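Q: I have a structure here, written as structure tokens, and I will follow up with some questions on it.
What follows is calculated from the coordinates using simple rules that are stated; it is not laboratory data. All values reported here derive from a predicted model rather than from experimental measurement.
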Amino acid sequence: MDARAKSQKYGTWVRDGKAEPNADVGWYAGRARPMRLRLFSLIVLSWLPVSLSWAQETPQTQSDTTALKSDSFLPETPAAKSPPVPEQHPRLFWIIPTYTVTNSKSPAPLTSHEKFRLYMADKTDPYTFGFIAFNAGLAQATNAFAGYGQGAAGYAKRLGAGTADEASGGFFGTFLFPSLLHQDPRFYRQGSGPLKRRLAHVLIRPLVTHKDSGERTFNWSGSLGRIAASGLANAYYPAEERGVGRTFSRAAMGIPYSIIDDLVDEFGPDLQKKFFKRQPRRK
């Protein structure tokens, strides 16, 4: 390569043996350098927003991932339990109340307040007052409790005594002793199964009942309730019907009457379906 060519390559001219700057090459070099700088600046500026947006999105993505991981370790909130549906008590033959009967195999336990409400519902039912009035008239006709006499005064005394018997029997046997001893005053109707098993279930009811926890136990509340109600009757029965012997005699006579009530509660719905072909009316 001669000197002229070398000088052109490196931006100089050789004139009279001296090197002079090449104006053309210098212009190109001066123009090319700013163009490269501007191109580099455009690349940097165009990359800068992308890098900033990536820097902003990355922590957010990481925070979302961390939140998902942290949520996976949180304990699950238990679903809210719906309140239990109150049990319906259909009337037998559309007349007889069954407040003290449950058809559930594992009914919810009753609180003392609920036992008192059960007692009030059963003893203030219109059927109860009609039953007491009917028994008072029957006792009047057969001259039972002769010390009360006859006439309107005798009937009123018998009606009052019958009302007191029902109220005290329910108070002691349905509310007070079941609450103190944590026993269930309700009759557990089986509703199905072999006849002998259902009949045996009714016959042992005066002796065996359920605790509030559902376990079987001796029916202390029923036995003590009958004795307490019979003892209280000494305060208003005629003189010939009072005394310790009469008290326990009446309490013992209450057992077969209780069995009759339980027989009606156990088999009454079956008889109603068979003879009337109609479901008991819900109350």
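Q: Could you go through region 258-265 in sequence order and give the Karplus-derived ³J(HN,Hα) for each residue, using 6.51 cos²θ - 1.76 cosθ + 1.60 with θ = phi - 60°, rounded to whole Hz, and x for Gly and Pro?
A: The phi angles translate into 5, 5, 4, 4, 5, 4, 5, 5 Hz.
Q: Can you work out the Karplus-derived ³J(HN,Hα) for every residue in region 139-144? Use 6.51 cos²θ - 1.76 cosθ + 1.60 with θ = phi - 60°, whole Hz, and x for glycine or proline.
A: Ordered by residue, 3J(HN,Hα) equals 5, 5, 5, 8, 6, 5 Hz.
Q: Which value does Rg/Rh take for region 104-216 over its C-alpha atoms, Rh per Kirkwood?
A: Values: Rg = 17.7 Å, Rh = 16.3 Å.
With Rg and the Kirkwood Rh in hand, the quotient comes to 1.08.
Q: Once amide H atoms are placed 1.01 Å from N in the peptide plane, what residues at a sequence separation of 5 or more from residue 211, or on another chain, have their amide H within under 5 Å of its amide H?
A: Amide H neighbours of residue 211: 184, 216, 217.
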